[in-house]
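The values are calculated or read from the model by the stated rules, or taken from the named source; none is laboratory data. All figures in this text were calculated on a predicted structure; none of them were measured in a lab. Neighbour counts run over all protein chains shown; Cβ positions are idealised from the backbone, glycine included.
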Amino acid sequence: MDATIDRALDAVGPRLKRLRQQRETTLTALAEQTGISTSTLSRLEAGLRRPTLEQLLPLARAYGVTLDELVDAPPTGDPRLNLRPVACEDGSTILPLTRRPGGIQAYKFVLPTGNDGETPSLRTHEGYDWVYVLDGTLRLVLGEHDLVLKPGEAAEFDTRTPHWFGATSSGPVEFLSLIGRQGERAHVRAAPKPATTE
């Protein structure tokens, strides 16, 4: 077998473990979702067993990644992302904009028209979030603050602060979100202004 293929297959185990830990799921829950036994999943993650295509397909589906991402296939030279929208039960749509697990993840959210009288259910989790509104009006409840963000406005916060996002009754909202691990913030860099001559 080609040495490159050997290296790619050897790296699958740690990648599978990292994906499972990032999604905070157990081997038992993953086994129920994929039909692969917990002992096989454990051996795959530990690198004690090489994955087969029959195992990789349900794992890629469970983690919401492509097979290329799961095995870290070499780039084809085409920089375009294969966007696969995720439709949620509440009518919202999430488009993952990054390919690789780990690090800061980018998403585009489209939320349906909201109810201004809705009492939000705030949640917390590890991480740091940065949001930028593209279109519509985004209601962001962050701790004691109840904010309304319009197109072109951004907010960033520690996700251990209780928070909730939603659209207002004025219509749907589209926004970008960069989510990083705890302590990992998104940094916006701008080129310096060119010097002017008097």
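What the table shows:
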{"read-out": "Residues of segment 28-40 that turn out to be touching a helix residue (DSSP H, G or I) at 6+ places or on another chain (Cβ under 8 Å), in a helix (DSSP H, G or I) and either more than 24 Å from Gly103 (Cβ to Cβ) or charged (D, E, K, R) (or both), as a count", "value": "6"}
{"read-out": "Cross-chain or 6+ apart pairs with Cβ under 8 Å, segment 37-48 first and under 15 Å from Arg15 (Cβ atoms), then polar (S, T, N, Q) and part of a helix (DSSP H, G or I)", "value": "Leu41/Thr34; Leu44/Gln55"}
{"read-out": "Any chance Glu174 is more than 21 Å from Arg23 (Cα to Cα) and buried (at least 16 other Cβ atoms within 10 Å of the Cβ)", "value": "yes"}
{"read-out": "Counted residues, segment 112-126 - those being β-branched (Val, Ile, Thr) and either surrounded by 10 or more Cβ atoms within 10 Å (Cβ to Cβ) or more than 16 Å from Glu144 (Cα to Cα) (or both)", "value": "2"}
{"read-out": "Cβ pairs under 7 Å, 6+ apart, first in segment 143-169 and free of Cβ contacts under 8 Å to residues at least 24 places away in the same chain and more than 14 Å from His125 (Cα to Cα), second assigned to a strand (DSSP E or B) and of a type in the set (Asp, Glu)", "value": "Pro151/Asp135"}
{"read-out": "Residue match in segment 11-25 (condition: surrounded by 13 or more Cβ atoms within 10 Å (Cβ to Cβ), without any contact (Cβ under 8 Å) to a residue 24 or more places away in the chain, assigned by TED's automatic domain parsing to the domain that holds Thr66 and not in a helix (DSSP H, G or I))", "value": "yes"}
{"read-out": "Qualifying position, being surrounded by fewer than 14 Cβ atoms within 10 Å (Cβ to Cβ) and either at pLDDT 90 or above or not assigned by TED's automatic domain parsing to the domain that holds Arg23 (or both), among Leu48, Leu81", "value": "Leu81"}
{"read-out": "So Thr113, is it out of contact with any Lys or Arg (no Cβ under 8 Å at 6 or more places or on another chain) and closer than 24 Å to Leu97 by Cβ", "value": "yes"}
